[in-house]
Structure formats: structure tokens, C-alpha cells
Amino acid sequence: KNGRILVLDEADKAPTEVVALLKGLIEDGQLSLPDGRVLCYDESDIHGSNHIKIHPDFRIWALTNPAVFPFQGNDLSRHMSDVFACHIVPPMDEESHRRILTSYGEGVHPDVIDKLVKVWEDLRVAHE
């Protein structure tokens, strides 16, 4: 209704039925909800008070992990790449991790932040 962004974090962990519903919304422009409401992109599909027009600025961002060990998610890119614009974001470098951790943990000692960065880097290398 309000043109917001729906962010689906770890969408690769979603059940196949949920993925199918989202794909239907994107492809067909409609989504029937369990309570009887129907979300519609097209004004001509609105037939009654239970039909809700989707704002033209509404967007869905589906964030996923790679469909490989250790993440073990579904390969959404295989099922959804025809309706989503897929972008691969490479892992952050150590300095970027350090800056983010420092900004969120202002009172955390730099040695602790360095240890966290090192653990994350070790995990990343072990994954590769």
C-alpha cells in the first residue's frame, strides 16, 4: 500500500511454497492471502474491498547465501533468476569488517575486534 521495500533475509532458507508464492506475485501481479485479501498490481484486477492495490514503488529484496557448504540453502538463483535481478556481493575484506565492528561496538577493546576479524577471516578461508 505504501511503496515500502520488503527485505527477505536468508530467502534461500524459505520453504519452496513461499518461494512459489513470491514468484507468483512478481510474475502474475497478484497474491492471495490466507485471510481472503488479494494483493494486486493492476488496478483492473481490483474487485471489491478485499483487493488491495500494490503501490508502484513497492519492491522485494531477497537476500540469499550461496547454495553450497556450509550454508545449505536452496538454489534460489535457479528458480528465481527470471524474475529477480541477481547481484553477487563478494566477501568483505578485513578492514571493512574492522570498521563495521568498531562502529557498532564503540566500547569494545580493539584487541577483541581484531580477534573477531581474524575468526571471520579464518572461516572465510576455510570455506574457500
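The values are calculated or read from the model by the stated rules, or taken from the named source; none is laboratory data. The structure presented is a predicted model; accordingly, all values stated were derived computationally and were not measured. As a convention, Cβ positions derive from the backbone with ideal geometry for all residues, glycine included, and neighbour counts pool all protein chains shown. The area values use the complete protein model at the heavy-atom level, side chains included, leaving out ligands, DNA and RNA. Shrake-Rupley method; radii C 1.70, N 1.55, O 1.52, S 1.80 Å.
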Total residues in segment 3-25, condition on the phi > 0 side of the Ramachandran plot and open to solvent by 70 Å² or more (accessible area, probe 1.4 Å): 1
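Would you check which residues across segment 99-119 are among the acidic types (Asp, Glu) and at pLDDT 90 or above and list them?
ASP111, ASP114
With ASP122, ASP82, ASP42, ASP28 as the choices, which residue is open to solvent by 60 Å² or more (accessible area, probe 1.4 Å), charged (D, E, K, R) and modelled with pLDDT of 85 or more?
Values: ASP82 fails: modelled with pLDDT of 85 or more; ASP42 fails: modelled with pLDDT of 85 or more; ASP28 fails: modelled with pLDDT of 85 or more.
Selected residue: ASP122, the only one of ASP122, ASP82, ASP42, ASP28 that is open to solvent by 60 Å² or more (accessible area, probe 1.4 Å), charged (D, E, K, R) and modelled with pLDDT of 85 or more.
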Contacts under 8 angstrom Cβ, first residue in segment 84-103 being in contact (Cβ under 8 Å) with a residue 12 or more places away in the chain, partner of a type in the set (A, V, I, L, M) and open to solvent by 70 Å² or more (accessible area, probe 1.4 Å), 6 or more apart: HIS97/LEU116; LEU101/LEU116
